[in-house]
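Before any comments, here is the structure.
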Amino acid sequence: MNAHPTLNNAPIAEALIDIRVKLPATLKVEIIDTIYDAIKDKYPDKQEQKISELKLDLRSEDTVNSSGAIVNGYRYISSDKKQIVQTRLDGFTLSRLHPYVKWDEMRDEAFRLWELYKDITSPDSIIRVAVRYINILNIQLPIKDFGDYLSAPPIVPDGLPQGISSFLNRIVISEPSIGASAIITQALEQIALDAAPIILDIDAFKLKPNGMEEKDAWEAIDQLRHFKNRIFFNSITDRLKEEYK
C-alpha cells in the first residue's frame, strides 16, 4: 500500500498522532494526571495545560467580563525532550520532534500510552483521529522558480514583480474512499540568509461526531498515515525528493 520511497533525511520537524474523545461529564481533570505514575520514568517532565475561560455577567447593567485559565489536561515530556504526551479532557496526543523515528515505533508508543489514558478515563466515544506532520523544507538560495521544488508553488500574476519574500497557502481536501480529509498548508514567513524555510504542514484526519469503534479508529490512523504520505510526495518535485534521500 505504501509505494513511496523512504527518505533518510526526512524534513519532519514534528509528527503527531491525535485522538479526540468525549469523556464522562463527571470526570475530574485530576484523575487524568494519575497516568504520570505509569510513564514518569520515560516522561519525567510534567506541565499543566490550561485554557482560557470567559464569563459574562448579564445581570448587571454594566456587563462585566471576567476571564481566567482552567486546567484542561497535562503535558509529559521525555527525558531527551523529543517526545511529548498530552492527556486532556478532550483527548490524547503523542508528538515526536526532530529527529523523526520510524512510523511503527511512533504508532506503537502512541497505542501503549492510549491504553493507559483509556483505562483511566473510560471515554464515552472517539470522535476524531488525526495524523499530522509538519515539515520544514530548507531550500537553498537563490531560488529562480518555486516550481522547481513545489508541485503547487505560489503564483504571482503576470505584470507584477515576481520576487516572493513570503506566502501562505491553505487548502482542505477530502478522500471519500476512507472518509477522511486533510488540511494542507504551505507557508514561507521569512527567508533566512542562505535558505528559504518553507513549511509544509499536513493534517490528515477523520471525523465521526457520533463516535467510532476503537478498532476502527486505529485502522483509520494507519490509513491517514498513507494519505499523508500521498499528499507529501505529491506536493514536492522529484528534484526536492532527491535532496532528502
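Restrict the check to the range 136-153 and report whether at least one residue is outside any helix (DSSP H, G or I) and under 15 Å from the mean Cα position of the chain (by Cα). Among the residues of the range 136-153, at least one is outside any helix (DSSP H, G or I) and under 15 Å from the mean Cα position of the chain (by Cα), which makes the answer yes. All conditions but one from (1) among the β-branched types (Val, Ile, Thr); (2) closer than 17 Å to Leu16 by Cα; (3) free of Cβ contacts under 8 Å to residues at least 24 places away in the same chain apply to Ile171; the one that does not is (2). Please go through the range 227-243 and give me each residue that is surrounded by 15 or more Cβ atoms within 10 Å (Cβ to Cβ) and in a helix (DSSP H, G or I), ordered by number. Across the range 227-243, the qualifying residues are Phe227, Lys228, Asn229, Arg230, Ile231, Phe232, Phe233, Ser235, Leu240, Lys241, Glu243.
Of the residues Ser78, Ser125, the single one that is surrounded by 15 or more Cβ atoms within 10 Å (Cβ to Cβ), at pLDDT 95 or above and closer than 23 Å to Lys40 by Cβ is Ser78. Restricting Ser165, Ser174 to residues that are of a type in the set (Ser, Thr, Tyr) and assigned to a strand (DSSP E or B) narrows the list to Ser174.
When the residues of the range 179-207 are filtered to those that are more than 20 Å from Ser235 (Cα to Cα) and modelled with pLDDT of 95 or more, the one that is surrounded by the most Cβ atoms within 10 Å (Cβ to Cβ) is Lys206. For the range 102-122, residues that are surrounded by fewer than 18 Cβ atoms within 10 Å (Cβ to Cβ) and of a type in the set (Gly, Ala, Ser) total 1. Only one of the numbered conditions (1) in contact with a Lys or Arg (Cβ under 7 Å, 6 or more places away or on another chain); (2) touching a residue at least 60 places away in the same chain (Cβ under 8 Å); (3) outside any helix (DSSP H, G or I) is violated by Leu224, and that is (3).
Considering only residues in the range 126-164 that are polar (S, T, N, Q) and touching a strand residue (DSSP E or B) at 6+ places or on another chain (Cβ under 8 Å), the one that is nearest to Leu94 (Cα to Cα) turns out to be Asn135.
The values are calculated or read from the model by the stated rules, or taken from the named source; none is laboratory data. For clarity, every value in this text was computed on a predicted model and none was experimentally measured. Reconstructed Cβ throughout: ideal geometry from the backbone, glycine too, with neighbour counts over all protein chains shown.
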